[in-house]
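Here the structure is laid out as C-alpha cells; the discussion comes afterwards.
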C-alpha cells in the first residue's frame with residue numbers, strides 16, 4: 001500500500017464528474033478529503049490523502065489526466081522542531097486546516113501532520129523558524 005497527499009484542480013467544465021466515487025469504485029482507493037473548494041462553473045480545488053496499491057494509484061492518476069483534471073502530488077512535508085518552539089501560537093493563526101493548534105489547558109502547540117495541507121504559511125509566519133520543509137530550514141537542525 002502507498003499513501004500520497006495530492007491536490008486536484010478542476011476546470012469549470014469538469015466539476016460535474018463524480019471524481020471521488022470513481023477513484024474509490026474503479027481503483028479501490030481509500031480517500032481522506034482534507035480541503036475542498038468546489039462549485040459549479042468555477043475552477044475547483046480538492047486536497048486529499050489517497051491510499052491504495054501502487055499500480056492502482058498510477059492507473060487512477062492516468063484516468064484523472066484523461067478527464068482534463070490537473071494535480072500536484074506533495075513530496076515534501078512540514079516538520080516542526082518542538083524543542084526550539086516557544087509555543088507562541090503565531091502559526092495557528094494562519095493554519096487553514098487546523099493542523100497546528102494550542103492546547104487549551106497547557107498552552108502548548110500541537111501539530112497533526114495528517115491534517116497538514118503543506119501550504120507553508122506556518123513556515124513564513126514562525127518568528128523563530130522552527131517550522132520547515134523536510135529539514136530545508138537550517139534552524140531546525142541546529
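Quick rundown of the values:
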item: The chain: calculated mean residue ellipticity at 222 nm from DSSP helix runs of at least 4, using -39500 (n - 2.57); result: -6000 deg cm²/dmol
item: Nearest-0.05 FRET efficiency for residue 42 and residue 22, computed from C-beta distance (R0 30 Å); result: 0.90
item: GNM top mover of 106, 20, 43 - the chain, alpha-carbon springs below 10 Å; result: 106
item: Pair residue 93, residue 51: separation of 7 Å Cα→Cβ label points (nm); result: 3.5 nm
item: Square roots of 5 times each gyration tensor eigenvalue, C-alpha, the chain, largest first, Å; result: 33, 16, 13
item: Pairwise centroid distance, computed over Cα atoms, of segment 77-120 with segment 1-31, Å; result: 28 Å
item: Paired Rg and Dmax values of segment 1-70, which use every Cα atom, in angstrom; result: 11.4, 35
item: Rounded tilt (10° steps) of 54-66 against the dominant C-alpha axis of the chain; result: 70 degrees
item: Hull-based mean projected area of segment 78-141, where the convex hull spans the alpha carbons, in square nanometres; result: 3.9 nm²
item: Where labels lie 7 Å past Cα in the beta-carbon direction, separation of residue 35 and residue 124 in nm; result: 1.2 nm
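Taken together, the values in this text are just the output of simple stated rules run on the coordinates, not laboratory data. Computed from a predicted structure; not experimentally measured. Because the Cβ atoms are built from the backbone with ideal geometry, glycine has one as well, and the counts that use them run over all protein chains shown.
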